[in-house]
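J.: The structure under discussion is supplied below as structure tokens; questions concerning it will follow.
The values are calculated or read from the model by the stated rules, or taken from the named source; none is laboratory data. These numbers were taken from a predicted model, which means no experiment stands behind them. For neighbour counting, all protein chains shown are included, and Cβ atoms are generated from backbone atoms with ideal geometry for every residue, glycine included. Quick note on the areas: whole protein, heavy atoms, side chains included, nothing else; ligands and nucleic acids left out. Shrake-Rupley method; radii C 1.70, N 1.55, O 1.52, S 1.80 Å.
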Amino acid sequence: MTTRPRQLLDFSLLYLLFLLARPLPRGFLLALGRALGSFVWKVVGFRRAVVLDNMRHAFGDDMDERQIQDLARSFYRNLGMTLMEFLSFPRLKQADFLDLVEIEGLDKLRKIVDEGRGALLVSGHFGNWELMGARVAAEGHKVSFIVKEQTNARVDRIQNDIRHRAGIGTIRSGGASIKEMVRALRRKELIGLVGDQDAGPEGYFTEFLGRQASVFRGTAYFAWKLKVPIITGFIYRQPDGRHKLIVDEPFGVEPDWDEETAIARLTETHTRRLDAAVRKAPDQYFWLHRRWKTRPPGE
């Protein structure tokens, strides 16, 4: 458990960055993010061993060690920019989010909403996933993300306050979240999920970046139980500093599927789509997770 002095330090550093993000022009904001990422990579080394190990397992057959190191450095720089963008949300208006992110496949999202159904908007810890939620909300669609409560209460409050100011609703993960999800879906809202962390021995095992990974069953289970479609979307940082959100074709449960079939088919589909996105822009994935920590039985 993190000590109270450490929690206070973490909050103080985050709040300092939050204050810096408010007045900075976007170019300086991104430059500060890149510098912050480089500092963490070179000096702090936060989870550097985990990041490099993950990348070697995922791309070791295609990249040499120099390329892996370059990819890791690019990842930390991108993560720094993503953090600073998130902290700048409160100063942005609806028009800013609309201008900052181009959406490809918006018609697919609108079609689901126009049909009078809610849906599960599934992505991963990829690109600026928080900005994806803000952009969808700026389009006029109600969206709430399932969020885990942070152990640091101060950090938890500031994160959710930033989300709410950007038009993103939040639903706490846990037992009570199911009722809230049902109510939101009945209101034709979108539920945002980024369930790509290690799910432990109870997860569903499927291939992700060349290795069997434990994936949370909840996304597929909710789609099966609540009879709602899944829409995957992934947001990519562009060379000019803007972003492009690509919305994929929705998919859902076939009438003859039982629970286990639905969990298998749906989980494999959204995991395969995330796999493709990461291979397309590997420096934009959140490599800090110990993604493959849990191994399949018998491995």
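J.: Would you work out which of Val147, Leu109, Ala58 lies farthest towards the positive end of the dipole of segment 1-152? Charges go on Cβ: Lys and Arg +1, Asp and Glu -1.
T.: Val147
J.: Here's something else I'd like to know. Going down the list Lys108/Lys293; Lys42/Lys280; Lys142/Lys225; Lys111/Lys244; Lys148/Lys225; Lys42/Lys142, which pairs span over 29 Å between their C-alpha atoms? Write out the running numbers ahead of the final one.
T.: Numbers: Lys108/Lys293 35 Å; Lys42/Lys280 25 Å; Lys142/Lys225 21 Å; Lys111/Lys244 20 Å; Lys148/Lys225 22 Å; Lys42/Lys142 40 Å.
Among Lys108/Lys293; Lys42/Lys280; Lys142/Lys225; Lys111/Lys244; Lys148/Lys225; Lys42/Lys142, the Cα-Cα distance tops 29 Å for Lys108/Lys293; Lys42/Lys142.
J.: Ok, one more. Placing +1 at every Lys and Arg Cβ and -1 at every Asp and Glu Cβ, with all other atoms neutral, what dipole size does segment 231-276 have around its Cα centre, in debye to the nearest 20?
T.: Dipole magnitude for segment 231-276 comes out near 560 debye.
J.: Report the charge-dipole magnitude of segment 168-299 in Debye, nearest 20, computed about the Cα centre from +1 at each Lys and Arg Cβ and -1 at each Asp and Glu Cβ.
T.: Values: 22 positive and 18 negative charges, 117 e Å.
The calculated dipole for segment 168-299 is roughly 560 debye.
J.: Taking a virtual spin label 7 Å from the Cα of Gln67 along the C-beta vector, which residues in segment 19-60 bring their backbone nitrogen under 19 Å of it?
T.: The answer is 51-60.
J.: A follow-up question, please. For segment 1-149, take the convex hull of the Cα atoms, compute a quarter of its surface area, and give me that in nm², please. Please list the in-between numbers first.
T.: On the way: hull surface 47.0 nm².
Computing the convex hull of the Cα atoms and averaging its projections yields 11.7 nm².
J.: Computed from the mean reciprocal separation of all distinct C-alpha pairs, what Kirkwood hydrodynamic radius does segment 146-237 have, in Å? Present the calculation step by step, with values, prior to reporting the outcome.
T.: Values: mean 1/r = 0.0663 Å⁻¹.
One over the average 1/r among Cα pairs gives 15.1 Å for segment 146-237.
J.: Further question on the same structure: Give me the dipole magnitude in Debye, nearest 20, for the chain about the Cα centre, with unit charges on the beta carbon: positive for Lys and Arg, negative for Asp and Glu.
T.: On the way: 47 positive and 38 negative charges, 248 e Å.
It works out to roughly 1200 debye.
J.: Okay, next question. In 5 Å bins starting at zero, report the fraction of Cα pairs in segment 216-299 per bin as a rounded %.
T.: 3, 12, 19, 19, 17, 15, 9, 4, 1, 0
J.: A further question on this structure: Distances longer than 28 Å among the Cα atoms of the chain: what percent of all pairs is that?
T.: Working: 17233 of 44551 pairs.
Counting pairs separated by more than 28 Å, the tail of P(r) holds 39 percent.
J.: Using the C-alpha gyration tensor of segment 1-77, what are the square roots of 5 times its eigenvalues, in whole angstrom, with the largest one first? Spell out each step's value before the answer.
T.: Working: eigenvalues 161, 71, 13 Å².
That gives 28, 19, 8 Å for the three semi-axes.
J.: Could you tell me, in Å, what Rg and Dmax come out for the Cα atoms of segment 93-192?
T.: Cα only, segment 93-192: 13.6, 40 Å (Rg, Dmax).
J.: Kindly report the accessible area of the chain per residue (heavy atoms of protein chains, probe 1.4 Å, no ligands, DNA or RNA), in Å².
T.: Working: 14890 Å² over 299 residues.
Per-residue value: 50 Å².
J.: Over the chain, with every protein chain in place, what whole percent of the accessible area is carbon and sulfur at 1.4 Å, could you tell me? Walk me through the numbers before you get to the answer.
T.: Numbers: 7740 of 14890 Å².
Percent of accessible area from carbon and sulfur atoms in the chain: 52.
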